[in-house]
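*Asks:* Below is a structure I'd like to ask you about.
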Amino acid sequence: MFLELIRLHKSSRSPVPLEDFNTEAFAGVLKMYPEVLDQFCVEFLELPEDKYVIRTQLRQTISGDDPNCIVDFVLEGENNICFIENKVESSEGYEQLERYIKALKENHPGKKHYLNYCTLYADPKNIQNFDGFKFEQFRWYEIARFLKHFEEKPGVQLYLEFLKEYKMNEDYTLKTEDLITMERMRKTLEIALFHLDNVKADFDKKFNMVKTDKNFHWDQLRGHSRLCYYQEDVLVGVKKEASKILYGIDLNALKLFLHVQVDKGHKQYENFQKLVEDSGFKHINLPNDRKALQLTSDLGQFLNDPKADGLIAKWFKNGFELLQELIRQDQQLSWNLKVSDSKQ
């Protein structure tokens, strides 16, 4: 829901800033679930118990030469009031927090005052002349972590998906385990690439390919958690209608894989779906209505085996032969590949 709404507002001529949209979405979730609001106030913000009401974009007047201010998020009770300034991509405005302090004093006498500053990135503040008011800073990932306790509620789950989409739910604090992971990551990638390069010549030879491309870049790792070699346009069709043979390592599932992938728009898509599953291959559904004929093997079976390089190469080569035989016997599809009449 929230993702659809954000895409809708972005398509308008005068879109609302992301942080304003986020503020209203978060306020909507808390209003939807009073029990979440209560725990957010008392447990997360550590405010005194009170009957808090949420108000957003609250205009406040200030005396003197200071400009008036609009407070993103306000929690107001009978005896307490809390201003929360929410930031996503932007930084604090000119003396913005100091003006909020002044607005609290002038507009809400007789109540205990609280000021909070929520950001996506670290933006440490040293508030001076706070006169005993309670000032706290926190990050959006901390709110996401708090809301995880209520993710069984549909509205909360949708909002968490929204935070994830805009990378507001991740804690990017550098920890000891992160340094250890970074140290091991290069070695891990070198091992994976060795096994893929080890059979590349056989891959090219089996399917008489002129040029094989590779997906070893960051977008593949982040978006698909894989490293692979691939050959495009393996089925006769229009260039923009993708059909590929890929082999590689799925770093998320920890599997070796070999598959033929066809996009829905390809003119041979329907016939590809009818292709008889054979020799261990199976049909799978991919995002955006793509189909694939796939062969996989768990990496775990090669763990701590000193002969793993030979065994992994053998698995890939056997897979290439199975796919080669499947293509050779196929009578339904028009292939751009010329496979040999016998196994090599």
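*Asks:* Only one of (1) under 32 Å from the mean Cα position of the chain (by Cα); (2) over 18 Å from TYR141 (Cα atoms) is not met by VAL88, so which one is it?
*Replies:* Every condition holds for VAL88 apart from (2).
*Asks:* In this structure, does LEU58 turn out to be farther than 14 Å from PHE135 by Cα and at pLDDT below 95?
*Replies:* In short, yes.
*Asks:* Hey, any hits in the range 274-291 for a residue that's modelled with pLDDT of 90 or more, crowded, with 18+ Cβ neighbours inside 10 Å and either of a type in the set (Gly, Ala, Ser) or assigned to a loop (DSSP other than H, G, I, E, B) (or both)?
*Replies:* No, the conditions are met nowhere in the range 274-291.
*Asks:* Within the range 225-248, can you find the residues that are surrounded by fewer than 21 Cβ atoms within 10 Å (Cβ to Cβ) and either β-branched (Val, Ile, Thr) or outside the structural domain of LYS291 (by TED's automatic domain parsing) (or both)?
*Replies:* Across the range 225-248, the qualifying residues are VAL236, VAL238.
*Asks:* Then there is this: If GLN344 satisfies all but one of (1) polar (S, T, N, Q); (2) at pLDDT 90 or above; (3) under 20 Å from LYS200 (Cβ atoms); (4) not in a strand (DSSP E or B), what's the number of the condition it fails?
*Replies:* (2)
*Asks:* Any residue at all in the range 117-126 that's touching a strand residue (DSSP E or B) at 6+ places or on another chain (Cβ under 6 Å), surrounded by 16 or more Cβ atoms within 10 Å (Cβ to Cβ) and closer than 22 Å to GLU35 by Cα?
*Replies:* yes
*Asks:* So which residues in the range 26-72 are aliphatic (A, V, I, L, M) and in contact with a strand residue (DSSP E or B) (Cβ under 8 Å, 6 or more places away or on another chain), if there are any at all?
*Replies:* The answer is ALA27, LEU30, LEU37, LEU45, LEU47, VAL53, ILE54, LEU58, ILE62, ILE70, VAL71.
*Asks:* Need pairs with beta-carbon distance below 7 Å; first residue outside the structural domain of LYS264 (by TED's automatic domain parsing) and within the range 278-291, second loosely packed, with under 13 Cβ neighbours inside 10 Å and at pLDDT 85 or above; sequence gap 6+ or separate chains.
*Replies:* Listed pairs, sorted by first residue: none to list.
*Asks:* Any residue that is among the β-branched types (Val, Ile, Thr), under 22 Å from ARG222 (Cβ atoms) and at pLDDT 85 or above - is there at least one of those in the range 148-169?
*Replies:* No, the range 148-169 contains no residue that is among the β-branched types (Val, Ile, Thr), under 22 Å from ARG222 (Cβ atoms) and at pLDDT 85 or above.
*Asks:* So which of ASN252, ASN271, ASN304, ASN318 is over 33 Å from the mean Cα position of the chain (by Cα) and closer than 22 Å to HIS195 by Cα?
*Replies:* ASN318
*Asks:* Got a sec? Which helices (runs of 4 or more DSSP H) wholly within the range 110-214 have at least 3 residues that are under 28 Å from the mean Cα position of the chain (by Cα)?
*Replies:* 140-147, 154-165, 176-197
*Asks:* Tally time: how many residues in the range 292-312 are in contact (Cβ under 8 Å) with a residue 40 or more places away in the chain and surrounded by fewer than 15 Cβ atoms within 10 Å (Cβ to Cβ)?
*Replies:* Counting residues in the range 292-312 that are in contact (Cβ under 8 Å) with a residue 40 or more places away in the chain and surrounded by fewer than 15 Cβ atoms within 10 Å (Cβ to Cβ) gives 3.
The values are calculated or read from the model by the stated rules, or taken from the named source; none is laboratory data. Predicted, not measured: the structure shown is a model, and the values here were computed from it. Don't worry about glycine lacking a Cβ; one is built from the backbone with ideal geometry, like all the others, and counts go over all protein chains shown.
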